[in-house]
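Every number in this text was worked out from the coordinates using simple rules, so none of it is lab data. Just so we're clear, the structure is a prediction, and the values are computed from it rather than from any experiment. For neighbour counting, all protein chains shown are included, and Cβ atoms are generated from backbone atoms with ideal geometry for every residue, glycine included.
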Amino acid sequence: MHTGDAMSFPLATVSIVLVGSTLAVACGGSILAEERTDDAGVATAPDAEAVATSDAAPPDAATPEAGCGDVDALLHAWSSPSWNGGGFMFTRKEDCVLFFEALARSNDLVVPAHEVDCSPAGVAAGQCTYDPLTARIDAEDVHYSGPLDEFTGPDDAPWVWYYIADQNDWFAASDAQAPAAYQLLVLANECAAQ
């Protein structure tokens, strides 16, 4: 995808639109999330005037009723070589886990309940074995996957992941870095839970 190109994946009630450096996820005509990037690909804030004059629905408008039949098709389009909708895609589970383990090391994550220590001393002792795809032990275990595969990442940002079995692809997105992708993955998990 090149700057200035436009690509839209309209599917029944859910669509993703990429125009230049702006990505929007919409459901039933309401914008769920919008993300812009500068020329270097760094996420920037949406135009304040456009947001102020927009009648977009709040992010919590993403519901399974808004188009569950389309979510896998959107994610298949997202993983096509010609377009990256933000967030991260992994073709091997191990790579997804290694990505988060590296993030845990860079943030010195320590989770005593799981015997995970990603501080420099813990890494040297081989105790940095962080895998957020693991289910939570209890509600306070926020660095691991909840019922809808949402968790607080080692960077203290909200993260979500989703797996498409027929493609063997794992997707992960941070609400802080890729809000449009994050909302899409939340919707995908809500639909999968039905």
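Beyond 13 Å, the tail of the calculated P(r) for the range 93-162 holds 59 percent of the Cα pairs.
For GluC sites (Glu not before Pro), the sites in the range 136-194 that DSSP calls loop and that have at most 15 other Cβ atoms within 10 Å are E140.
Note on R105, R92: ascending count of other Cβ atoms within 10 Å places them as R92, R105, the fewest first. Cβ-to-Cβ counts within 10 Å put H143, H114 in ascending order as H114, H143, the fewest first.
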